[in-house]
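The values are calculated or read from the model by the stated rules, or taken from the named source; none is laboratory data. The structure displayed is predicted, hence computed values, not measured ones. A quick note on method: Cβ atoms are made from the backbone with ideal geometry, for glycine too, and the neighbour counts reach across all protein chains shown. Ligands, DNA and RNA are excluded from the accessible area calculation, which covers all protein heavy atoms including side chains. Shrake-Rupley method; radii C 1.70, N 1.55, O 1.52, S 1.80 Å.
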Amino acid sequence: MTAPWRATVLTLFPEMFPGPLGVSLAGKALACGLWALEARDIRASATDKHRSVDDTPAGGGPGMVLRADVLAAAIDAADDSSLPRLLMSPRGRPLTQSRVRELAGGPGALLICGRFEGVDQRVIEARQLEEVSIGDYVLSGGEIAALALIDACVRLLPGVMGKAESGAEESFSESLLEYPQYTRPQTFEGRPIPEILLSGDHAKVAAWRRAEAERLTRDRRPDLWAKRLDQRKNTTDG
Ligand code: SAM
């Protein structure tokens, strides 16, 4: 049997895990052993008598910086060299669904959660950390970013989602946002479900959904729409 996908998290707040990943889809999958989670305390790698993990920034300025030696020791102690090493960082490359798919298809990930003003640059270089951002805003720590990344990966693991195809048509597949969804009641506060969805004509339903997905993507995410047009052009040119 192959080992389950695993997330090893280095954090100053291991008690934040599994947190929301302990319930619903991810929680059930965790309990069934479809994936594994280990949250390790960075402070356990501190060596001085105060167990300090941070210090003032070289060159001055506000706040504190996570020390390179302590974080490097924590990474080495985790001893998970087969896993991609991801540092949660607002400066990182924005996380995308395609990177999530790649990570979910691998053995797992080592996720490092920054705090304070961030981490000493030298550990990023020395341990070849891939900086990953979950968006253009600043969180107070990397834990919520790590939870988001793990959640996005875990739901793609075999056996986690109810139907294999429920991942195939959602937002960002083919660089499109998802079409609008409806369910009962047939009329809600005077708003009916679009008639075509009740027609039973699968081809027409599929065409309507595709048109809606395209309309939403064009209106809301011109960047994604441009990417889609590029992808299409490359397929027809190639
Ligand atoms: N001084 C840093 C800056 O301006 O880029 C912000 C540090 S932030 C207060 C502390 C930690 O939260 C970061 O080291 C990182 O681990 C995490 N973090 C904050 N925003 C994030 C984001 N958008 N994506 C991923 N991690 C984030």
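Tabulated data for the structure shown
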read-out: Cα pair distances of the range 5-154 binned at 5 Å [whole percent]; value: 2, 10, 20, 23, 22, 13, 7, 3, 1, 0
read-out: Value of relative contact order over the range 169-237, rounded to a whole percent, pairs C-alpha under 8 Å and six or more apart; value: 37 percent
read-out: Cβ-Cβ FRET estimate between L229 and C32, R0 fixed at 45 Å, reported to 0.05; value: 0.60
read-out: Rounded accessible area per residue of the chain, 1.4 Å, Å²; value: 60 Å²
read-out: Environment charge of P14, counting only residues whose C-beta is closer than 15 Å and scoring Lys/Arg +1, Asp/Glu -1; value: 0
read-out: Label-point separation, Y182 to R122 (7 Å along Cα→Cβ), nm; value: 6.3 nm
read-out: Approximate spin-label separation R215-D201, in nm, with each point projected 7 Å along Cα-to-Cβ; value: 1.7 nm
read-out: The range 169-237, accessible surface, carbon-and-sulfur percent (1.4 angstrom probe); value: 50 percent
read-out: The range 5-154, accessible surface, carbon-and-sulfur percent (1.4 angstrom probe); value: 53 percent
read-out: Estimated FRET transfer efficiency when R0 is 30 angstrom, pair D237-E169 (beta carbons, to 0.05); value: 0.70
read-out: Among beta bridges that DSSP assigns inside the chain, antiparallel share in %, nearest 5; value: 15 percent
read-out: Rounded Å value of the spacing that divides the Cα centres of the range 114-138 and the range 1-70; value: 14 Å
